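The values are calculated or read from the model by the stated rules, or taken from the named source; none is laboratory data. Every value quoted in this text rests on a predicted model; they were computed, and no experiment measured them. For neighbour counting, all protein chains shown are included, and Cβ atoms are generated from backbone atoms with ideal geometry for every residue, glycine included. The protein model used for the area step is the full one, side chains on, heavy atoms only, and it has no ligands, DNA or RNA in it. Shrake-Rupley method; radii C 1.70, N 1.55, O 1.52, S 1.80 Å.
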Amino acid sequence: MELLQYWRIIRKRLHWILLFVFLAELGAGFYIQRQVPLYQTTTTLFISPSAIGAVLPYQASSGNVASLANTYMEYMRTRSFAQMVAAQLDVALSEEEILKALSVSYVRDTQIFKITATYPNPQVAQSLANTTAQMLIAANAARQRSQQQARLEAQRSPEAQAQKAQLTELVAVLNDEIHVYDEQIRSLQAEIARLQNEPSSLDLNQRLMELRQQLINARSERLSVLNSLSEVQTALANLNAEPTGDVDTAVIIDPAPFPAQPLPRNVAQPVVAALMAALTLGFGLAWFLEYLDYTVKTPEELDHIYGTATQGVIGQVGSNGRNGHGTHPLVTLEEPRSPIAEAFRALRTSIRMAGLDTPIRSLLITSAGPGEGKTFVAANLAVAMAQEGRQVILVDTDLRRPQLHTLFGLYREPGFTNLVLEPDLPLEQVLQETRVPNLRVLTCGTVPPNPSELLGSLRASEVMARLAQAAEMVLYDSPPAATVTDAVLVAAQVDAAIQVVLAGKTRIDLVRRCQMLLERAASRVLGPVLNRVDTSDLGYYANYYYYGGYYYEGSQDGPFRWWPWRRRAKADIPAQAPVDTPPANGTPAPARRRRSPLLRRRKPDASA
C-alpha cells in the first residue's frame, strides 16, 4: 500500500481521529487539574568512610565514598528503616508512604549525599527530610558502636588470647628463620668474594655458579619469610588494637528548608501520553473500519475489480435540497459549468470513443441494486448527449419503480408499455418533449403486473427497434440487474450497457454479479460508472475531474462556492410551451404539462 493510500484512509476518517484526540486531551486536562500539588525539599549531608584497617592509613577515595553512598541508599529503601522514621515523625505515615515520598542521590566524585522528600503537605515534607537524615546518622552511629563493642568483647575472649599467643610465638619463629637466612647469605657472599680473587679455572667457575645459585635461593626464601612475618604481625596488631573513633560518618551540612511553593504540575507527560493513545486508537480504528469495508470506494479499486477502465466518475452533488441525489436533479441542465456536469460530458466522450469501431445506437444504464443513482446518471447523460446536438431518446424501462416522468415533470402515460400493448400507436404521440432541445423522453406508461414477461416479449423488441430508428442514441433506464431480470432482458436488445456503482455503498460481490449477468446476456459491457465519489477518493481521476478553479468560478463546487452573492449557472435553453393539442389517436392531452419542482423557479412571496 502506498503512502498516498494510507493518507486517504486517515483523511476519510479524520473526524474520528480528531474526536479521539479531543476527548483524550480533555481527559488529560481533567487529570492535570485533579492532580494534588506536591511540595519538595532536600537535606544535604557530608559522608566520610572509615579507614580500611588499623595499620593502614586513611584514604577517602572516590570508590570508597561511592560504595558507602550506595550502601546508605539501599539501607534507606528497606522497610525496617521506614519503620524507624515513622516512629519519629509527628504525623502518622505508613511505610509505603514514606518509601514513596523519599528519594536519595549521591553527587558523583564528591562526598555530598542528598535526601529529598516529596509530599502534598509542606510541613510533613520538611519534617520527613530532616527526620530521615537524623535517623540515618543515628542508625549509622549505633551500628558502628555495636561493632566496636563486639570487637572489644572478641579481643577479651579466651580464644582471642590464645590466638595472640600463637601469633606471638609464630613471630619469634619467623624472626629466627630470618636470622638463619641472613647468616647463610653473608657466608655465601664471603665465599664468592674469596673465590673471585683466585686464578680462573674451569672448576673455579663451576663452583662460583653453584654459590651464586645458592645465594639467590637463600634471598628468595628470606623474602618469603618476611612476607609471612608481615602478615602475622598485621593480624597480631589488629587483635591488640583498641577501638578508635575512625568510623563511617555522615553529617548534616544543609537542613531541609520549608518548601513555600509547590512543584510545577506535570503537564507534558499526561498530554503526550493522551495524544499518543488517541492517535493509536484513531489510526487503529481507521484501518479496522477500512479492513471491514467491503465496498468500492475509489476509481482505482473499481478498475481492478471490474477488469476494465472506469468509464465515468461522478462526484458528490450538493445536499442543499435543490440538487441532491435524493431527488435526482438534472445537474447538466441546471448547472452546466459545475464539475458534475463536466463529469457527465467526460462520460459522454468515453461512450463515443467506445463506439468508434462498432457504433453504439442504444445504451442500457443499470446497477446492481436500488438507490445507486442509475436514473440520475441516465437522465444527465441524456441531457449531455442532447446538448451535443444528437437526437436522443430516454426510455424508462423500470416498470416497477418508474421515476423519469417525475424527474422531468412529465406524464407517466402513455409510455413504453402502451407502445408494446398497442402496436398501432404512433411513436410521435408517445414521445414527450423536454426543455432540452434534441431530447425526448419515453416514460414508463401503465405499470404492468408482469414486467419481466412484457420486456422479454417480441413486441418489446419491435418497439426498441422502432426507437433505434427514431433517434441517433436511445438510452434505457432499467431496474437493478442483480435484483430482477428486467435489466438482463433489455441488455440483450441493446448495443451496449454500463453499470452504475455507488461509491462506498455497493458491495464488491454485487458489482461482480451484475457484471456477470450483463455479460451472460450477450451485451457489450462498456464498463462501470462510479457514482457519488468523495473528492478525497478520486485519486488520479481528480487530475481531469477538478482541473482548475478558473472554469468553475462561481459554480457550486468551485473555489467560490461559499460566496453569498454567487449566481447559479443556467443553461441557455428556452422553456417549452405547454402542449394542449391531443394526440392523433384521440387520447386527451393534459391542459398544461407539469414541470418538476426542481426545474421550477420559486416566485417571490408578495407578502414579504
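Here are some notes:
- Per the conditions (1) within 29 Å of N438 (Cβ to Cβ); (2) modelled with pLDDT under 85; (3) open to solvent by less than 10 Å² (accessible area, probe 1.4 Å), the sole criterion not satisfied by R322 is (3).
- Of all residues in the range 402-454, those satisfying the criterion of being assigned to a helix (DSSP H, G or I), open to solvent by less than 30 Å² (accessible area, probe 1.4 Å) and over 22 Å from G371 (Cα atoms) are F416, T417, N418, L419, V420, L427, V430, L454.
- The one condition in (1) free of Cβ contacts under 8 Å to residues at least 60 places away in the same chain; (2) of a type outside the set (V, I, T); (3) farther than 30 Å from Y106 by Cα; (4) open to solvent by 70 Å² or more (accessible area, probe 1.4 Å) that L208 fails to fulfil: (4)
Quick grid of which residues meet (1) over 24 Å from P359 (Cα atoms); (2) modelled with pLDDT of 90 or more:
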residue	(1), (2)
L439	no, yes
L442	no, yes
P449	yes, no
T483	yes, no
A487	no, no
A491	no, no
A497	no, yes
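- Looking only at the range 464-489, and only at residues there that are among the β-branched types (V, I, T) and buried (at least 21 other Cβ atoms within 10 Å of the Cβ), the one that is nearest to T506 (Cα to Cα): V488
- All positions within the range 358-374 that are out of contact with any Lys or Arg (no Cβ under 9 Å at 6 or more places or on another chain) and either closer than 20 Å to P414 by Cβ or of a type outside the set (S, T, Y) (or both): P359, R361, L363, L364, K374
- Residue, nearest to Y31 (Cα to Cα), within the range 262-292, restricted to residues that are free of Cβ contacts under 8 Å to residues at least 40 places away in the same chain and open to solvent by 80 Å² or more (accessible area, probe 1.4 Å): Q269
- The lone criterion from (1) within 30 Å of S127 (Cα to Cα); (2) part of a helix (DSSP H, G or I) left unmet by A237 is number (1).
- Check on V124, touching a Phe, Trp or Tyr at 6+ places or on another chain (Cβ under 9 Å) and either at pLDDT 90 or above or β-branched (V, I, T) (or both): yes
- Counting only residues that are under 55 Å from the mean Cα position of the chain (by Cα), over 16 Å from N380 (Cα atoms) and of a type in the set (A, V, I, L, M), the range 438-460 holds 2 of them.
- Yes/no for T375 being open to solvent by 30 Å² or more (accessible area, probe 1.4 Å), β-branched (V, I, T) and assigned to a helix (DSSP H, G or I): no
- Condition check for L3: surrounded by fewer than 11 Cβ atoms within 10 Å (Cβ to Cβ) and over 27 Å from V124 (Cα atoms): yes
- Of all residues in the range 464-516, those being closer than 29 Å to L421 by Cβ, hydrophobic (A, V, I, L, M, F, W, C), in a helix (DSSP H, G or I) and without any contact (Cβ under 8 Å) to a residue 60 or more places away in the chain number 3.
- Among the candidates F30, F22, residue that is under 30 Å from V267 (Cα atoms), in a helix (DSSP H, G or I) and at pLDDT 90 or above: F22
- Condition met for E191 (acidic (D, E), modelled with pLDDT of 85 or more, part of a helix (DSSP H, G or I) and open to solvent by 80 Å² or more (accessible area, probe 1.4 Å)): no
- Residues of the range 150-184 that turn out to be polar (S, T, N, Q), modelled with pLDDT under 75 and part of a helix (DSSP H, G or I), as a count: 2
- Cross-chain or 6+ apart pairs with Cβ under 6 Å, the range 178-198 first and over 13 Å from L208 (Cβ atoms), then in a helix (DSSP H, G or I): I178/V225; Y181/A218; Y181/E221; Y181/R222; Q184/A218; I185/A218
- If you filter the range 383-400 down to residues that are assigned to a loop (DSSP other than H, G, I, E, B) and among the charged types (D, E, K, R), you find that the one that is least open to solvent (accessible area, probe 1.4 Å) is D398.
- Tallying residues that are within 12 Å of R77 (Cβ to Cβ) and either open to solvent by less than 30 Å² (accessible area, probe 1.4 Å) or touching a residue at least 12 places away in the same chain (Cβ under 8 Å) (or both) within the range 97-106 yields 5.
- Flag for L363 being at pLDDT 90 or above and open to solvent by less than 10 Å² (accessible area, probe 1.4 Å): yes
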